[in-house]
Amino acid sequence: MAGHVGAQMDKKVVLDLLAPMPKPVEAINKLIAIFRTESAPLEIKGEGSFIGLNQEEGESRVLLVLEGALNIYRIIDNLRFARASYPNIFGMQGSPFRNNLYQFKREKGSLIESLPYSLALELINDHRLFNEVLAFQTYLSDFQAYRTNLLISKSTYQIVCAFLFELEMMPPEERLRTSVFNYIQEHTHLARSGVMKILSDLRQGEYINIENGKLIAILKKFPREY
């Protein structure tokens, strides 16, 4: 592994790891407050059951994440796309195509409510929440572009480094419950041997501190080349 100071990687500039904009919490909370005048607790069959945006009767729905988090999975290959903590909203795009791309799993203890998509549109129109919708949709679009940029045309090494930085930015109590390898593999489906080799080399080079499979800290900038 190349470890020269001149070839080291600036995590914010080279890998473009930071989301382009922070989550617009104020706009989301405003939308949720209006939606909750018509929403109801979501009935979930089992703790590990997947949740879809299309209902059996054909009407799509909007999901409100009021406490805890939803994990988002790509249906075609069960790739874990992201973890979405509260407050959050899903289903606002209303596109059958997009609704059939992803499904969700509720984390234990999370509170999720839902309402029909058509009713959500009526509430937005009645309360003139167009600015809030635009802010939230811009955030979602940016995050999806960020995720795509993270994975497309990147080497295994660059992807592993990117997800190490994501783990570093987690709240410590969450990060210390998260297996580094499982987190990377669930989000990428990269080969186990390649991921483990890179993690081992980064540990041996004293770039990262991992204990019991959990990331304690990133100790210094990663080399640009592997």
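I'm trying to understand the selection: among the residues of the stretch 125-136, which are farther than 12 Å from residue 27 by Cα and part of a helix (DSSP H, G or I)?
To start, the set of residues in the stretch 125-136 that are farther than 12 Å from residue 27 by Cα comprises 125-128.
Residues satisfying the conditions are 125, 126.
Filter the stretch 85-115 down to the residues that are under 10 Å from residue 67 (Cα atoms) and among the polar types (S, T, N, Q), then identify the one that is farthest from the chain's Cα centre (by Cα).
This residue is 110.
If I go through the stretch 53-88 residue by residue, how many of them are under 26 Å from residue 34 (Cα atoms), in contact with a Ser or Thr (Cβ under 9 Å, 6 or more places away or on another chain) and in contact (Cβ under 8 Å) with a residue 40 or more places away in the chain?
Result for the stretch 53-88: 14.
Would you please list the contacts, defined by Cβ atoms under 6 Å and residues six or more apart or on different chains, that run from a residue in the stretch 126-151 that is closer than 13 Å to residue 81 by Cα to a residue that is in a helix (DSSP H, G or I)?
Filtered contacts from the stretch 126-151: 150/162.
Determine which single condition residue 139 fails, assuming it passes every other condition in (1) in a helix (DSSP H, G or I); (2) over 25 Å from residue 21 (Cβ atoms).
Here residue 139 clears every test but (2).
How many residues are farther than 25 Å from residue 72 by Cα and under 24 Å from the mean Cα position of the chain (by Cα) when one looks only at the stretch 175-198?
Going through the stretch 175-198 one residue at a time, the tally reaches 1.
Name, by its number, the condition in (1) touching a strand residue (DSSP E or B) at 6+ places or on another chain (Cβ under 7 Å); (2) charged (D, E, K, R); (3) in a helix (DSSP H, G or I) that does not hold for residue 201.
Residue 201 satisfies all of (1) touching a strand residue (DSSP E or B) at 6+ places or on another chain (Cβ under 7 Å); (2) charged (D, E, K, R); (3) in a helix (DSSP H, G or I) except (1).
Name the residues in the stretch 58-112 that are surrounded by 15 or more Cβ atoms within 10 Å (Cβ to Cβ) and aromatic (Phe, Trp, Tyr), would you?
Residues satisfying the conditions are 73, 81, 86, 90, 102, 104.
Based on this model, can you work out whether residue 180 counts as in contact with a Gly (Cβ under 7 Å, 6 or more places away or on another chain) and either closer than 30 Å to residue 30 by Cα or crowded, with 19+ Cβ neighbours inside 10 Å (or both)?
Numbers: in contact with a Gly (Cβ under 7 Å, 6 or more places away or on another chain): yes; either closer than 30 Å to residue 30 by Cα or crowded, with 19+ Cβ neighbours inside 10 Å (or both): yes.
Answer is yes for this residue.
Just to be sure I understand the filter: pairs with C-beta atoms under 6 Å, separated by 6 or more residues or on different chains, first member in the stretch 15-28 and farther than 12 Å from residue 146 by Cα, second member modelled with pLDDT of 95 or more and assigned to a loop (DSSP other than H, G, I, E, B). Which pairs pass?
Correct list of pairs: 28/87.
I need the full set of residues from the stretch 138-158 which are buried (at least 16 other Cβ atoms within 10 Å of the Cβ), of a type outside the set (Phe, Trp, Tyr) and more than 26 Å from residue 90 (Cα to Cα), in order please.
Hits for the stretch 138-158 are 156, 158.
If residue 224 meets every condition in (1) touching a residue at least 24 places away in the same chain (Cβ under 8 Å); (2) closer than 25 Å to residue 23 by Cα; (3) surrounded by 13 or more Cβ atoms within 10 Å (Cβ to Cβ) apart from one, which number is that one?
(2)
The values are calculated or read from the model by the stated rules, or taken from the named source; none is laboratory data. On a predicted model such as this, the values are computed, not experimentally measured, just so you know. All Cβ positions, even for glycine, are placed from backbone atoms using ideal geometry, and neighbour counts span all protein chains on display.
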